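Written out below as structure tokens is the structure these notes cover.
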Amino acid sequence: MAVSILFSCGTKADKTIDEPENFNLQIDTVLINSKDQSLFLSWNLSNAGISTDNRYLYNLNVSEPSLEKIDLDQLSFVEKVKLEKEGPDGIGNNGRGGIVSLDENLILFKGYPAPIVMTTEGKKTDVLKELTIAKKKFSDLGKDLLYEQVDPNNFNMVYGILLKFPGLEHELAILNLHTNDTSRLKLPEWKMLGDFSLICNNTDIMMFMNPEYF
């Protein structure tokens, strides 16, 4: 079970927030037989994903790159699938923002300018190949579509956060790659997201961090 906790700061004049009566957190810990393989744990599994049947853990090793497959029923390492950095099946920098299993054979590799979909054998597919061009509909509005997710039951349906740089006017955006239709939905709960955007700027480098959704 995953629990998200949001912290914020306020003044002494703010009202006291009632503490919850009960707070329970359960964490399952398992020991995996790595079979003498050196698994990629430097990023604390932040770029790993569970298969749709909850049987396997896929962990992206960005240093090689490769896809490490762990059997969660047998608690053991299964195989390491080599991935290409460049070329027809190259992942580039995709996957560093996380991977998501779409079905038993396909995995979404998050990234910019658009995510890609790879097979569990390390081959790039044509799924989402039109996404980069389709996103220009939003850029014409002066906004960017980021943090895209795909409907696992309909790969043509793409969802993401639409925002105006730097971290303003957050909206939920929906893009249908089959019909090329777009939708924008303003959520009242998202009005506060601009307060959680972080900009670090100096003469050497500028870094921008936005809220994400999962």
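The values are calculated or read from the model by the stated rules, or taken from the named source; none is laboratory data. Keep in mind it's a predicted model, so treat the numbers as computed, not measured. Ideal geometry is used to build each Cβ from the backbone, glycine not excepted, and the neighbour counts take in all protein chains shown.
So which residues in region 175-184 are surrounded by fewer than 17 Cβ atoms within 10 Å (Cβ to Cβ) and under 15 Å from Asp151 (Cβ atoms)?
Asn176, His178, Thr179, Asp181, Ser183
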Mind checking which pairs have a first residue in region 36-63 that is farther than 15 Å from Glu104 by Cα and a second that is assigned to a strand (DSSP E or B) and aromatic (Phe, Trp, Tyr), Cβ under 6 Å, 6 or more apart or different chains?
Gln37/Phe77
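Is it true that Leu193 is outside the structural domain of Gly97 (by TED's automatic domain parsing), surrounded by 11 or more Cβ atoms within 10 Å (Cβ to Cβ) and without any contact (Cβ under 8 Å) to a residue 24 or more places away in the chain? Steps first, answer last, please.
Numbers: outside the structural domain of Gly97 (by TED's automatic domain parsing): yes; surrounded by 11 or more Cβ atoms within 10 Å (Cβ to Cβ): yes; without any contact (Cβ under 8 Å) to a residue 24 or more places away in the chain: no.
In short, no.
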Members of region 131-157 that are in contact with a Pro (Cβ under 8 Å, 6 or more places away or on another chain) and not in a helix (DSSP H, G or I)
Lys135, Glu148, Val150
Which condition from (1) assigned to a strand (DSSP E or B); (2) under 17 Å from the mean Cα position of the chain (by Cα) is the one that Glu171 breaks?
(2)
Only one of (1) closer than 13 Å to Val62 by Cα; (2) in contact with a Gly (Cβ under 9 Å, 6 or more places away or on another chain) fails for Gly90. Which number is that?
(2)
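What are the residues in region 86-130 that are assigned to a strand (DSSP E or B) and among the basic types (Lys, Arg), if any?
Taking region 86-130 as the starting set, the residues that turn out to be assigned to a strand (DSSP E or B) are 90, 99-101, 106-109, 116-119, 124.
Lys124 - this is the single residue of region 86-130 that is assigned to a strand (DSSP E or B) and among the basic types (Lys, Arg).
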Which numbered condition trips up Ser76, out of (1) hydroxyl-bearing (Ser, Thr, Tyr); (2) assigned by TED's automatic domain parsing to the domain that holds Arg55; (3) closer than 29 Å to Glu169 by Cα?
(3)
Scan of region 75-94 for residues that are exposed (fewer than 12 other Cβ atoms within 10 Å of the Cβ) and free of Cβ contacts under 8 Å to residues at least 12 places away in the same chain, ordered by number:
Glu86, Gly87
When you scan region 160-174, how many residues do you find that are crowded, with 17+ Cβ neighbours inside 10 Å and either modelled with pLDDT under 85 or within 20 Å of Leu106 (Cα to Cα) (or both)?
3
Would you mind finding the one in Ala114, Ala134, Ala173 that is within 17 Å of Gly95 (Cβ to Cβ), outside the structural domain of Glu86 (by TED's automatic domain parsing) and not aromatic (Phe, Trp, Tyr)?
Ala114
